[in-house]
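Here the structure is laid out as structure tokens; the discussion comes afterwards.
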Amino acid sequence: MRGTFARSGLAVLFGLAALPVAAWQQAAPPPAREPQQARIEELWAEPEANRNLLHGVGGPDLAPDPNERYKVREIKLRGFSEGYTVVDSKDREWSTKAPPEGFSEIATSRIHWAVGFHQPPNYLLREWKAEGARAPNPQLPARFREKAPKYHGLEAGGTWSFKDNPFVGTRPLGGLLVLQAIIANPDIKASNNTIYTLTSPAEGASRWYVVRDLGYSLGSSGFNSPRADIEAFERAPFIRSVANGKVQFYFGGQNKGLLKDITVADVQWICQRLAKLTDEQWRDAFRAAAYEPSLAERYIVKLKAKIQEGLAVR
């Protein structure tokens, strides 16, 4: 298995004191119920230019130590990719996720954060050691996400749904859904979304609505389809049609109905923001995930083509 990952190239890669949600409402009919009071910054906040996508929101200081010998506390028994809960010598607890989803989750997390959607600190360790692991050391590359990082008291809480949240009818939520089509993430469900609380505000809010589990991305956008698969990603079409201001996508996820009311303005909103990313940021997003440069470039070319397709919709 280890040789297979090396050969494929995988082993080497969101109130009242500020703008209210109502100000971002689209022309679509409002939801039947009164929305909860919330700030749009809890979902999305305008990012500063040129965010560092190599290290992400946590920067280098919060990264796991590749020289540690981690101790396995729990073995992940559910989900597509293998993983562990591990602790280091400083008693920092980490969730790890192995290939292929570990790589795609890091790269797509960086892309979300680059355009202003909140993400927790996460990192990719190319090589690491663990006591109590199933496989001999060194371990396969893995996504590391700390349970309680020293970042504004960030703490994970419950889940949230794309269907029922304070941002239904806003441009950022529409753009977030389009982003899932762009990165080919068909696994859009409440259990993959997390609400974080912070003891001090960061990125404009003390509560974050996060699309966290992104590992199904960068393959084909059909359910039970390949994930983290460059050939499938390159072959997959993006926009099916545009009619009466609504955009239909080639998207076959289990909750594909979430995208049925996406507007031209939603698509252009997210694509305009993605188009502002620099070549260095694109490369760093994939470098953070340990993708080989040649493989990263193929992903970047396809992502940019989708962005241009989105910008052209009318």
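The values are calculated or read from the model by the stated rules, or taken from the named source; none is laboratory data. Note that this is a predicted model, so its numbers are computed, not measured. Cβ placement follows ideal geometry from the backbone for every residue including glycine, while neighbour counts extend to all protein chains displayed.
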Only one of (1) closer than 28 Å to F286 by Cα; (2) out of contact with any helix residue (DSSP H, G or I) (no Cβ under 7 Å at 6 or more places or on another chain) is not met by A228, so which one is it? (2)
Among E203, E127, which is of a type in the set (D, E) and exposed (fewer than 15 other Cβ atoms within 10 Å of the Cβ)? E127
Mind checking whether some residue in segment 135-158 is out of contact with any strand residue (DSSP E or B) (no Cβ under 6 Å at 6 or more places or on another chain), surrounded by fewer than 19 Cβ atoms within 10 Å (Cβ to Cβ), farther than 12 Å from A288 by Cβ and aliphatic (A, V, I, L, M)? yes
Among the candidates A98, A135, A148, residue that is among the aliphatic types (A, V, I, L, M) and touching an Asp or Glu at 6+ places or on another chain (Cβ under 6 Å): A98
Selection from segment 264-302 of residues that are more than 21 Å from R171 (Cβ to Cβ) and crowded, with 22+ Cβ neighbours inside 10 Å: W282, D284, A285, F286, A288, A289, A290, Y291, A296, Y299
For S241, only one of the following conditions fails: (1) among the small types (G, A, S); (2) exposed (fewer than 14 other Cβ atoms within 10 Å of the Cβ); (3) out of contact with any strand residue (DSSP E or B) (no Cβ under 7 Å at 6 or more places or on another chain). What is its number? (3)
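Residue-by-condition table, conditions (1) modelled with pLDDT of 50 or more; (2) closer than 21 Å to V86 by Cβ:
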site	(1), (2)
M1	no, yes
S8	no, no
P47	yes, no
G56	yes, yes
Going through segment 201-227 one residue at a time, which ones are under 21 Å from V115 (Cβ atoms) and hydrophobic (A, V, I, L, M, F, W, C)? A202, A205, W208, V210, V211, L214, L218
Identify all residues within segment 42-83 that are among the aromatic types (F, W, Y) and over 30 Å from V115 (Cα atoms); write none if there are none. Y70
Just name the residue that is surrounded by the fewest Cβ atoms within 10 Å (Cβ to Cβ) out of those in segment 54-82 that are aliphatic (A, V, I, L, M) and in a loop (DSSP other than H, G, I, E, B). L77
